[in-house]
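Q: Shown below is the structure under consideration.
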């Protein structure tokens with residue numbers, strides 16, 4: 001097996017493309033739910049913060065966008081200029097659950113995960129064990145949804161449909 | 001930053017490898033063998049080891065403290081002694097002045113300066129209390145998945161080293177390639193090996 005550090009760098013593009021694809025999915029799905037293999041469908045939205053990068057090492061250029069939805073147009077322009085998302089704030093909604101977090105392309109690590117509708121620890125609550133399982137529910141649910149979405153992305157990315165259908169649609173969206 | 005925080009930050013791992021039949025008691029033994037040991041009475045700059053989940057001072061795993069349903073949960077404790085740069089500078093200048101006076105204001109040699117820096121740093125480290133930090137770890141052995149509630153590469157490195165040393169199992173960071181490897185069949189994985197980055201720039205035209 002190839003060295004893991006080498007693979008981390010060699011496939012950096014895959015994580016960035018995954019984030020770009022999620023963004024494309026979120027903006028073109030409208031009110032429709034996005035299906036996730038082996039999971040209930042979800043509503044996916046891109047949040048207000050995005051970091052776009054181009055290249056690696058000393059030639060790396062970064063574009064940080066933070067603010068209203070109108071900046072998404074600027075971010076799309078960044079994509080056309082060859083910058084790809086390295087970090088993206090996402091919102092996932094499924095049933096009563098509404099999660100918000102930042103996803104990083106290189107390691108798919110998650111930062112700042114919160115469920116808007118989770119009860120949280122109760123004042124004076126000494127049931128720490130119960131809270132542990134509540135928290136693991138959030139972690140497991142979001143991990144499984146992201147794995148499912150990554151599976152969908154790989155399925156299309158490695159098939160002829162990527163060049164024939166998905167890329168033309170993606171480029172249309174970028175130019176819109 | 002941990003499992004009980006209001007907002008959760010984590011890195012994911014795959015854990016693979018052979019495990020003994022009495023897996024859970026073996027885990028307890030291994031954790032017990034790599035416990036955190038205090039460095040308050042030493043001059044060590046850094047130390048790390050396992051403690052009970054979210055509990056700085058509890059270092060006992062003999063009673064199944066790490067077992068939580070299908071999960072194993074514990075914390076990585078890392079203690080670091082740091083001397084603030086300004087404090088070091090002040091004490092170095094004081095020591096330099098004293099040494100200069102001692103040798104009747106003859107200039108210090110390069111070696112003398114290096115030696116003095118080392119001595120001052122050691123002395124200050126001894127007087128500095130180590131700063132503890134905790135990073136929670138939750139492992140689902142059945143599904144071979146693990147969550148480390150930290151995202152800093154430095155913490156990741158310490159965790160990976162200590163985990164491998166403790167359990168002698170294969171631990172892989174989850175990132176796009178390793179996740180793909182977990183998901184894809186061999187034929188699809190071959191396609192991934194040949195994959196070129198997509199070009200979104202300039203209307204998708206490859207330059």
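Q: Please state which one of B:35, B:93, B:56 is outside the structural domain of residue B:121 (by TED's automatic domain parsing) and at pLDDT 90 or above.
A: B:35
Q: Can you work out which of the residues in the range B:120-131 that are out of contact with any strand residue (DSSP E or B) (no Cβ under 6 Å at 6 or more places or on another chain) and over 17 Å from residue B:85 (Cβ atoms) is surrounded by the fewest Cβ atoms within 10 Å (Cβ to Cβ)?
A: Restricting attention to the range B:120-131, the residues satisfying the condition of being out of contact with any strand residue (DSSP E or B) (no Cβ under 6 Å at 6 or more places or on another chain) are B:120-129.
Narrowing further to those that are over 17 Å from residue B:85 (Cβ atoms): B:126, B:129.
Numbers: B:126: 11, B:129: 9.
Once the filter is applied, the top-ranked residue is B:129.
Q: For the range A:153-176: of the residues being more than 8 Å from chain B (Cβ to nearest Cβ) and buried (at least 17 other Cβ atoms within 10 Å of the Cβ), which is modelled with the lowest pLDDT?
A: Ranking the qualifying residues of the range A:153-176, first place goes to A:166.
Conditions (1) within 14 Å of chain B (Cβ to nearest Cβ); (2) within 30 Å of residue B:171 (Cα to Cα); (3) at pLDDT below 80, marked per residue:
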residue: A:8; (1), (2), (3): yes, yes, no
residue: A:18; (1), (2), (3): yes, yes, no
residue: A:23; (1), (2), (3): yes, no, no
residue: A:31; (1), (2), (3): no, no, yes
residue: A:38; (1), (2), (3): yes, yes, no
residue: A:57; (1), (2), (3): no, yes, yes
residue: A:65; (1), (2), (3): no, no, yes
residue: A:68; (1), (2), (3): no, no, yes
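The values are calculated or read from the model by the stated rules, or taken from the named source; none is laboratory data. Predicted model, so just to flag it, every value in this text is computed and none were measured. Note that we place each Cβ from the backbone using ideal geometry, even for glycine, and neighbour counts take in every protein chain shown.
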